[in-house]
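Only one structure is covered here, and it is reproduced in the block below.
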Amino acid sequence: MSEMLRKAREYESRSKGRIPQEERPVFHFSVPVGWMNDPNGFSDFLGEHHLFFQYYPYQTAWNSMHWGHASSRDFVKWNYLPAALAPDEAYDGAGVFSGSAMEEKGKQILIYTGVEETVTESGDKEIWQNQCIAVGDGRDYVKSAANPVISSRLLPEGSSKEDFRDPKIWKEDERYYVVAGNRSQDGSGQIVLFYSDDLETWKFGSVLDRSENRLGRMWECPDFFPLGDKRVLLISPQEMRADGMFHNGNNTAFLTGDYDRDTMRFIRQGVQCVDYGLDFYAPQTMQTQDGRRIMIAWMQSWDNPIYPQEHLWSGMMTVPRELTLKDGCVLQTPVRELEQYWRHEVSYQNVTVGKETALEQVRGRSIDLELTVRGMERGKFRIRLASDGALYSEIIYDAEERVLTFDRTHSGLTRDVLCSRSMKLEGGKEEVKLRILLDRYSVEIFADGGKNVMTSLIYTPQTAQDIIFSCGETVDMDVRKFDIEMEG
Ligand code: FRU
């Protein structure tokens, strides 16, 4: 093991217990210590779910990237494992960037981007991104002597060698495939596909899809998987301009279409925004033993980080979400294992909501809340949550526009950051059904059966627990609430 990895592991051990459990989210994965961004290597190994992540243990800011590591039997309760990779080789010394993992012949194969920085004779810095492999037993990993196994030299003429990252690996009919993010000659994103028969020698296969300057610039963190009778290319585009369903800056999109494996061509048919919230990026998926496709994402924003400076940790993941396909659209539902942690069911039927309405026991900061609102034709329906009167966040549904807004303006922020995002809900429905997961610092809203989803962070003091409903009109509402508890 390198000195650098040993140091990271020692630092992690020493940091254990420095962060009080009450300061962490209840049922969302949070970084052991320091900084975390993208989920990496989300996959099964020897019957357990593994999650790696972009990691800098020493500070709560992005820096020299390592891979942190954790495992779980149910996607909800996670055990921290020692840091898996450090940037300790010449070919990855400027960062062990995002990647993926798979189980193969009893070994765990990690594939990641090694970032190398060199200085030219004229003194200019040059950055190279290449794909590298490490093999391990679920805890300790050895980087391949053949690294980097996918060199940027394999890219088509004119492609960027500086922006070539985030390999996602899978196996199909005895052949290994990798998709990675890249930039084409026009400077905007493309997803490149490679294949190999032995994990060491890789060949360029095709360009699966391109932005052509329409869906942002660089496309990061691709994933490519079958769902229903379609194939989904999941991407995280950078530097987008607000346009229809997308907001300025970093976005995430499901590109749905058909794939011809023989010619390695993807024919895009649909584009869908993955999550409309303020804090969602770099999602990655895996397939469970029972065939479910599960997605997890980094629950933070690059441009609007709002985590408290006094915390010794920064970084949470979304709740893992099951993906299904319906009428060509991807639907997201919180992983069913979460239901094992449901406690104290409270439910109300046909509550009349007009002026401010609070319901006994419908409160809390670690809850799973389902609402059905009927009879709304105009006006606005509001849910104030994480409220103590002065502080609150709001979900506002505008019935005429059929627009759902999340607003954290009054959540206790003292900085000039983005506070609100909106999404359009499906039309032509009698009722609006929402599922809302609250977990101390986060609010995940699932609407339209999981077709339209919104994830945002709030750092309101935990004493703010109330939930208040109100509506300009009088409406009829059903509510079901569970606390989510993780005893033991
Ligand atoms: C996405 C990303 C990836 C990269 C990693 C570096 O958030 O920019 O493209 O591999 O973060 O930490």
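The values are calculated or read from the model by the stated rules, or taken from the named source; none is laboratory data. Quantities reported herein were computed from a predicted structural model and do not represent experimental measurements. Please note: Cβ atoms are built from the backbone with ideal geometry, for glycine as well, and neighbour counts cover all protein chains shown. In case anyone asks, the SASA skips ligands and DNA or RNA and just uses the protein heavy atoms, side chains included. Shrake-Rupley method; radii C 1.70, N 1.55, O 1.52, S 1.80 Å.
Taking a straight line from the alpha carbon of residue 355, these lysines sit under 19 Å away, with near neighbours fewer than eight places off in the same chain left out: 380.
Based on C-alpha pairs under 8 angstrom that are at least 6 apart in sequence, region 316-427 has a relative contact order of 13 percent. Placing a label point 7 Å from the Cα of residue 90 along the Cα-to-Cβ direction, the residues of region 150-192 whose backbone N falls under 18 Å of that point are 150-153. With each label modelled as a point 7 angstrom along the Cα→C-beta vector, the residue 358-residue 63 pair spans 4.4 nm. Calculated FRET efficiency, residue 292 and residue 46, Cβ-Cβ r, R0 22 Å, to nearest 0.05? Approximately 0.75, to the nearest 0.05. Per-residue extension of 0.36 nm, minus the Cα-Cα distance of residue 157 and residue 77, leaves a gain of 24.2 nm for this segment.
If R0 is taken as 51 Å, the Cβ-Cβ distance between residue 350 and residue 311 corresponds to a FRET efficiency of 0.75.
Accessible area per residue for region 408-452 is 45 Å², calculated with a 1.4 Å probe on protein heavy atoms, without ligands, DNA or RNA. The separation of region 328-367 from region 188-232, counted between C-alpha centres, amounts to 38 Å. Distance between the modelled labels on residue 431 and residue 342, one decimal in nanometres: 1.6 nm (7 Å Cα→Cβ projection). Using a Debye calculation, one point per C-alpha and no hydration shell, please list log10 I(q)/I(0) for the chain at q = 0.06, 0.07, 0.10, 0.11 Å⁻¹ in order. Log10 I(q)/I(0), no solvent term: -0.27, -0.37, -0.75, -0.90. Hey, what angle do you get for helix 3-15 against the long axis of the chain, alpha-carbon based, 0 to 90 degrees rounded to 10? Computed tilt is about 20 degrees.
Placing pseudo-labels 7 Å out from each Cα toward the beta carbon at residue 414 and residue 243 gives an inter-label distance of 4.0 nm. In this calculation the C-beta distance from residue 390 to residue 139 is compared with R0 = 51 Å, giving a FRET efficiency of 0.60. Gain on full extension, evaluated as 0.36 nm per residue between residue 19 and residue 269 minus their Cα-Cα distance, stands at 85.3 nm.
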